Amino acid sequence: MSFSSDEVNFLVYRYLQESGFQHSAYTFGIESHIAQSNINGSLVPPAALVSLLQKGLLYTEAEITLGEDGTEQRLVESLSLIDAVMPDVVASRQNQVNQQKIQNPSQIIKNEPQETNGEEGNQVPVTCSAPPENMEVDSSIEIPRSKATVLRGHESEVFICAWNPTTDLLASGSGDSTARIWDMGDGSNAPNQLVLRHCIQKGGTEVPSNKDVTSLDWNCDGSLLATGSYDGYARIWMNDGRLASTLGQHKGPIFALKWNKRGNYILSAGVDKTTIIWDAATGQCTQQFSFHSAPALDVDWQTNVSFASCSTDQCIHVCKLGYDKPVKSFQGHTNEVNAIKWDPQGNLLASCSDDMTLKIWSMKQDTCVHDLQAHNKEIYTIKWSPTGTGTPNPNMNLILASASFDSTVRLWEVERGVCIHTLTKHSEPVYSVAFSPDGKFLASGSFDKCVHIWSTQSGQLVHSYKGTGGIFEVCWNSRGDKVGASASDGSVFVLDLRKL
């Protein structure tokens, strides 16, 4: 048995990615020269590092508690990972086992099964005997596996998914260096898929980039799909899977990209600390903005020519095409800003941060309008409720949803700056939330493998589905009758709410 430092570094790199520490993963990857290794990342299963650690921990525990007759005899209490690497603790555990054998052999439980949580193959002993009461889901609202359409094809975790705005085409982006377009229009359980392979030029030939596809967005009429990759390129694809253009100005991974409403510009944010407006027709860089002092994590259009960007530098800048300086800058977060979203009218900007706060900003003032503090861990993403014709009440107050690593989702009434619902059925970090087009429902996806669908009016859980991997993204189709989700085990699935 042998392993190289490259192999260890790659597993650590992949662990950081899977845990959501994308920019930490990038920095570690650069310093450890991941790109120069010959490891094919698409063949490495999710949670590989934790799986190996778990197996090693079980082996260590078995070694400590091996009986004289060669059978394994364990204490009820499990050995922790830190305990296993501390010689004094290991010796103490051995003595404890021996003493219990002598004093009361009946207290030793032989080959006791370990209660686990997390990924299959990513099993970590847990000490609680039952989940907290508020984590339990009423079986009457559980969606059976037979009611979901599971889409298989990706060879690595699927970070992102998005519905075409006009047809039932679902796009997904993965760590296998591909995006895929799934045709869900006919309701088939085995829909056609288009594979969009992300390649780069080497020596005059195209070779797979072997980099994650971590962002994608459809244009307004659904004719074009833009993708952003860790290989530093943005790409525009036709909805039949053909590559239209490659956008190559960033010097490092792209973390986010968005079409403007008109569909003539694409906006991207990268680890190179810059944001870029691209001309979608020509694929050329229209303007590059270099105002952040650290990687830019997210962008969102305010109008067809102005946008906001946020960064690990804790700053938010509002920029406009043709202007060589930000038209507004917001400072107030005390840790990196993970996501920003303009409200549907472009009047208020919401931001969320690792400092565990949400902030609401207005172009009319320098300080935040609201500083919303209730989560007790990092807030990963936020979404505004839709407003206007077709929503339950076109004049209703704006609602903002926040998803946190504290395993909760919160709904905020922004005008009053108050939390109106705390949604607590998840048991792991929540990575994604999405409102239905009519605003009546909210879907949430967590690393507990569950997609929950909630009533936004009552805060009650109305549907729940448990998949086979941690959920990175959830999204609604334009009619509001299908929910798509992408997961850490390479699966994508669709819940057709008409069938429930």
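The values are calculated or read from the model by the stated rules, or taken from the named source; none is laboratory data. In this text the structure is predicted, and so the values were computed from the model without any measurement. Here Cβ is always computed from backbone atoms with ideal geometry, including for glycine, and neighbour counts include all displayed protein chains. Quick note on the areas: whole protein, heavy atoms, side chains included, nothing else; ligands and nucleic acids left out. Shrake-Rupley method; radii C 1.70, N 1.55, O 1.52, S 1.80 Å.
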**Request:** For D183, state whether it is touching a residue at least 60 places away in the same chain (Cβ under 8 Å) and of a type outside the set (A, V, I, L, M, F, W, C).
**Result:** no
**Message:** Would you confirm, using the coordinates I've provided, whether V207 is of a type in the set (A, V, I, L, M), closer than 17 Å to A35 by Cα, in contact (Cβ under 8 Å) with a residue 40 or more places away in the chain and out of contact with any helix residue (DSSP H, G or I) (no Cβ under 6 Å at 6 or more places or on another chain)?
**Reply:** no
**Message:** So in segment 265-283, with the set limited to residues that are of a type outside the set (V, I, T) and closer than 22 Å to A25 by Cβ, which one is most open to solvent (accessible area, probe 1.4 Å)?
**Reply:** K273
**Check on L461, free of Cβ contacts under 8 Å to residues at least 40 places away in the same chain and under 22 Å from D138 (Cα atoms)** = no
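Yes/no matrix, rows are residues, columns are (1) in a strand (DSSP E or B); (2) under 21 Å from C475 (Cα atoms); (3) open to solvent by less than 40 Å² (accessible area, probe 1.4 Å); (4) touching a Phe, Trp or Tyr at 6+ places or on another chain (Cβ under 7 Å):
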{"residue": "N338", "(1), (2), (3), (4)": "yes, yes, yes, yes"}
{"residue": "G346", "(1), (2), (3), (4)": "no, no, yes, no"}
{"residue": "K359", "(1), (2), (3), (4)": "yes, no, yes, no"}
{"residue": "I382", "(1), (2), (3), (4)": "yes, yes, yes, no"}
**Prompt:** If you go through segment 193-208 one residue at a time, do you hit one that is of a type in the set (G, A, S) and open to solvent by less than 20 Å² (accessible area, probe 1.4 Å)?
**Reply:** no
**Request:** Quick one: count up the residues across segment 223-247 that are in contact with a Leu (Cβ under 7 Å, 6 or more places away or on another chain), under 16 Å from D212 (Cβ atoms) and open to solvent by less than 30 Å² (accessible area, probe 1.4 Å).
**Result:** 5
**Prompt:** Taking strands (runs of 3 or more DSSP E) that fall entirely within segment 386-480, which contain at least 2 residues that are in contact with a Phe, Trp or Tyr (Cβ under 8 Å, 6 or more places away or on another chain)?
**Reply:** 399-404, 418-423, 430-435, 441-446, 450-455, 461-466, 471-476
**Message:** Could you go through segment 214-230 and let me know if any residue there is farther than 24 Å from A487 by Cα, among the acidic types (D, E) and part of a strand (DSSP E or B).
**Reply:** no
**Prompt:** In the list V271, V305, V299, V337, which residue meets the criterion of being at pLDDT 95 or above, in contact with a Pro (Cβ under 6 Å, 6 or more places away or on another chain) and under 21 Å from L216 (Cα atoms)?
**Reply:** V271
**Asked** Which residues, counting only those in segment 335-363, are of a type in the set (G, A, S) and more than 11 Å from I382 (Cα to Cα)?
**Response** G346, S362
